[in-house]
Amino acid sequence: MEPEQLTGTVTVVQERRFRLLDEEGRSHLFVLAHDAPVEPASLQRRIAGAPVTVRYRRAPDLIALIASNVFTAAEARSEEASR
């Protein structure tokens, strides 16, 4: 299954969990995957209200979505430029 992605603003961070308010005003609950390249402790500082994109997958037995990566627009542009 291909990962999906959403763009929005992180509104709440608690340990490995966070809530994203998407561009359409909907709220989504995420849990950081254990292998995500983002440290839970740095999530709040890194994004500080900036729009982010979250790559995620759905888990059939969880209410939350599993975030495999969280990155800002600047990080996405940097990644594309390095390809």
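Each reported figure results from applying straightforward, stated rules to the coordinates on display, with no laboratory input. Source: prediction; values computed, not measured. Heads up, the Cβs are rebuilt from the backbone with ideal geometry, glycines too, and the neighbour counts pull from every protein chain shown.
To make sure I understand, if each residue's beta carbon is the centre and we count other beta carbons within 10 Å, what order do V13, V70 fall in, fewest to most? Intermediate values should be presented prior to the final figure.
On the way: V13 18, V70 22.
With the fewest neighbours first, V13, V70 line up as V13, V70.
Among F18, F71, which comes first, then next, by fewest other beta-carbon atoms within 10 Å? Kindly include the intermediate steps, with their values, before the conclusion.
Working: F18 25, F71 19.
Lowest to highest Cβ neighbour count: F71, F18.
Suppose the chain between Q44 and T72 were pulled fully straight at 0.36 nm per residue; how much longer would it get relative to their current alpha carbon spacing? Walk me through the numbers before you get to the answer.
Details: separation 28, 0.36 × 28 = 10.08 nm, distance 1.22 nm.
Once the chain is fully extended between Q44 and T72, it gains 8.9 nm.
So, counting K/R as plus one and D/E as minus one, what does the shell of residues with Cβ under 15 Å around S27 add up to? Walk me through the numbers before you get to the answer.
Working: positive: R17, R19, R26; negative: D22, E23, E24.
Residues close to S27 contribute a combined charge of 0.
May I ask you to sort D22, D35 by Cβ crowding, counting other Cβ atoms within 10 Å and putting the fewest first? Kindly include the intermediate steps, with their values, before the conclusion.
On the way: D22 13, D35 7.
In increasing order of surrounding Cβ atoms, one gets D35, D22.
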